[in-house]
Every structure is written in C-alpha cells, then in structure tokens.
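A single structure is presented below for examination.
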C-alpha cells in the first residue's frame, strides 16, 4: 500500500520541528504543509477540529494531533531507528522528561520572556530550577537518550535554537556557565546531520521574537 | 486507607517483583494507578500520603514534582500518572490490556488522556467546586460543554471508553465516578442522567466493576473532607455582601 504522510506545521514552531526530526530520523517521506495560524486553512480545521493547532500528522488520511502523541505514533508505526528505548523503565523516564519540558520548562521560559516585574522574577527562578534538573539528567550521558538521540533530545531540542534567540532579544543570559552539560549538549545536538539544516531562518526568528517581546513589554 | 495495606489477588506470575504505590485516598490520579494494577492482578503495597506533610519517601522518589502518584517497582520509581499507566501496560501486558493494538487507536486514547488532563480542561470542574457568582456560572457552562464532548465524541455508543472492556481512557475518566459527591456539596447537578445518558450509564458500569468498586474513596469521608475543603476555599460566606 502506498504510504501518504502529510505534516501540517508552521515555519517556526518547535513542536512541528520535533515531528520533522522524527520523520527524518526514520527516513519517512512526507509532504510538509506550512500553515498561517492567523488564517487557518480548511484542511487544518478539518484535521484538528478539537484544538485547531499544529502540528498535525496525517497518515493515509487519518489525522493525529499533539506532538508527543504523534511521536509515539511514528515510533509504533515505523520501527526503524527507534525514538524510544525498549525497556519500560527507560521509556517511562523519557516520557516523564518529555512532559516535564512541555508542562514545566517551556512555560517557565515563556514566562521569563513575556512577564514583567515580580512575575518575571518568579518565572526566572522557576526556569533556573527547571534547568538544574535538566542539567542533572545529562550526567554521564552524551545525549539525554544515551549514545544516540531519542525522544527526550527531540523534545528538548528547541533549547538548542530558541534560547540563543531569547538571549539576543532580551539581553538576558539564560543558559550560561551554570549549565556546562546542557551547553555542550546544545552544541552536539545542533551539529547532528538530521538536525543541522532544519532550523528556521535565524533572521526571521529574531524579527518574530523581537516583535513578540515588544508586544509583552510595551514602552512606557 | 491510612498506612500500609497488602492487596492480594490472583498473582500476576510474570515479573511481579516488589510493587509499591504512593497515593492519596481521594486523588483520581493515584486511583488510576491502583485500578490499573488491580485489573492486571498485580499485587502491590499501597502507601497513603498526607499531602500537607509529605513523607521522605515521596520526596526521594519524586524530587522533581514531589507529587503522587509514584509507582515504585523493584526500588525504581516512576512518576506522572499517564506515564505510570503506560509503564504498567508495558510491564504487565496481560491480563486485561489497557490499550488497543492498533497504533492509530492508541494515538486516539493518548490524545484524549492528554486533553482531559490539560489544566484548562480540569479548571472548570475545580471552579464548579469552589467558585461563586459569575465565575461559577461560567464554569458550569464550560463543564457541561466538556461533558457533552466526552459523551458524544469520545464515548459515543460504546459501553466503555475502551470498548467492551475498561481501558486506559476509562481509568483517566474515573474522576467522574465519584463526581456526584462534589455535586452534592455544591448542591448543583450537571452530570445528570437526562442530559448525559451515556456518561451516566458508563458511571454505573464503571463503578460496578469489582476492581473499581473495591477501590473507590468512601462516600461519607469524601463528603466530610470535601465540604471542609470547600469552606476553606470559598471566597465568601452566604452572608457576606457581594463584591
């Protein structure tokens, strides 16, 4: 049966990028459809009526939403180059850290980027604490998943690109000397062949995040 | 259910080892884990946590979140109820599988568990419990919309969310099984048999299953405990002027 794989994403979304990486890692051909979220296509609304968000993977006409759900589906459907290990305890660890990123780390960094005053201080403190856990998790390992990248690396992958953009826009140092393992990982991850040429254009990203920053911190 | 208890059923002979569950008597997240182990006949030791006075064991086994539930299998901890359920399914696939075989159907189960656990989807039910005035009215409407979605799109014509047998999504929806106590305390009914006949039937079937029946929080204890909780959180007493 001919496989048909489509991926609805945007040019800049880190969540979409995770799925791109997974498909590339497994050598799965797919059609990328970049959405304009200010003008959502009929296709997106049809394929993700519940959330109306990207990414959406469409496999032989069947849509799947939520990036972590998509990654599990990809790993179960295409067995080559597994993203998750075999051992149930290791799988549980990877799923735990994936949730940690989406539910704790990402919101704390976003809070540090968008909030002001005391709220920002709290978000920065939460970010520092969250990053400490991440740093700890890298002890004795080259990648979060060991010798090769896996689910957790794909999920934390946004750090390797977006942190430097946040730092450029805000002037704050987020991942610095306090996180040597994380800094090293960010370098190694970015240089992998499957990751290297996939980052969204840096200049476009700076413009986008500068505009967002200005929106959240209007000049008084 | 304070202290330690041994739950002995037909032993799951394959790689049972030593299994502990750190939970809290009224938490639906902890109960999901207990139900899953019960359905698979896995013997475990239950340890009830006082969440206002967390044990050293909990802090050791879940240093990142310091929350229940935690499953400890042969000394190795796993946290986050959705993650634990997947671990249980993978470690003890039989009896009573909790996920379908087909990857697409599995994705649908994971999608809905992710959906209903999202804090924005839990919030209306919390506000229903402790909110007042306009905020409460809004929560009632949002809660009803969510229940409608669960009834029509997720459960549909099926007996259980998992089909003919209880599955992972049923366990995640298990909070509905004792939502009636909340409605009793608030004195407002939203999950009624007339508006949500399928959910109502599901609750009866779910509660009747022997594993579930033997692992539900005590009604009177819930009533007392949650009434006290609500008093603590309510911003106004009935005799205070509206803000």
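Throughout, read-outs are computed from the coordinates displayed, never taken from laboratory work. These numbers come from a predicted model, not from an experiment. All Cβ positions, even for glycine, are placed from backbone atoms using ideal geometry, and neighbour counts span all protein chains on display.
Could you work out, for the range B:89-243, what percent of all Cα-Cα pairs fall into each 10 Å distance bin, beginning at 0 Å and stopping at the bin that holds the largest distance?
Reading the bins upward from 0: 9, 36, 34, 15, 4, 1.
Then there's this: For peptide A:84-96, what's the mean number of Cβ atoms from other chains within 10 Å of each residue's Cβ? Can you show the working numbers first?
Numbers: counts 0, 0, 1, 2, 9, 8, 0, 6, 14, 6, 1, 7, 11.
Per residue, the number of nearby Cβ atoms from other chains is 5 on average.
Taking the simple approach of a point 7 Å from Cα along Cα-to-Cβ for both residue A:132 and residue A:60, what is their distance in nm?
5.0
Using a 10 Å cut-off around each Cβ of peptide B:54-64, what is the average number of partner chain Cβ atoms that fall inside? Don't skip to the end; give the middle numbers.
Numbers: counts 0, 0, 0, 0, 0, 0, 0, 0, 1, 2, 9.
If you average over the peptide's residues, the count of other-chain Cβ atoms is 1.
Please give the length that would be gained between residue A:79 and residue A:36 if that part of the chain were fully extended, namely 0.36 nm times their separation in residues minus their C-alpha to C-alpha distance (nm, one decimal). Walk me through the intermediate numbers first.
Values: separation 43, 0.36 × 43 = 15.48 nm, distance 3.22 nm.
Difference between extended and current length: 12.3 nm.
Rank the residues A:144, B:179 as a footprinting-exposure proxy: fewest other Cβ atoms within 10 Å of their Cβ go first.
Working: A:144 23, B:179 20.
Fewest to most other Cβ atoms nearby, the residues stand as B:179, A:144.
Here's something else I'd like to know. Would you please state which residues of the range A:18-57 a label at residue A:11 would reach in this model, taking the label point 7 Å out along Cα→Cβ and a backbone N cut-off of under 17 Å?
Counting backbone N atoms under 17 Å from the label point, the list is A:32-41.
Right, another one. If you find the alpha carbon centre of the range B:175-240 and of the range B:64-97, how far apart are they in angstrom?
Centre-to-centre distance over Cα atoms comes out at 26 Å.
Between the range B:102-142 and the range A:7-76, what is the separation of their alpha carbon centroids in Å?
Going from one Cα centre to the other spans 23 Å.
For the range B:19-91, what's the relative contact order in percent, using C-alpha pairs closer than 8 Å and at least 6 residues apart? Each step should come with its number before you reach the end.
Numbers: 102 pairs, mean separation 27.2, N = 73.
Across the range B:19-91, relative contact order equals 37 percent.
In addition: With the crude spin-label approximation of a point 7 Å out along Cα→Cβ, what separation in nm comes out for residue B:200 versus residue B:136?
In this crude spin-label approximation the distance works out to 2.3 nm.
When only alpha-carbon atoms count, how far does the range A:5-77 stretch along each of its three principal axes, as whole angstroms with the largest first?
The Cα atoms of the range A:5-77 stretch 31, 23, 19 Å along their principal axes.
Sort the following peptides by mean Cβ neighbour count (other Cβ atoms within 10 Å, averaged over residues), highest first: A:95-108, B:138-151.
On the way: A:95-108: 20.1, B:138-151: 16.9.
Order by mean packing, descending: A:95-108, B:138-151.
In nm, what is the difference between 0.36 nm times the number of residues separating residue B:152 and residue B:216 and their Cα-Cα distance?
So the chain would gain 20.5 nm between residue B:152 and residue B:216.
Separation between the residue A:46 and residue A:139 pseudo-spin-labels, each 7 Å from Cα along Cα→Cβ, expressed in nm?
5.2
Per residue Cα convex hull volume for the protein assembly as shown, in cubic angstrom?
Details: hull volume 84.2 nm³, N = 463.
Taking the convex hull of the Cα positions in the protein assembly as shown, it is 182 Å³ per residue.
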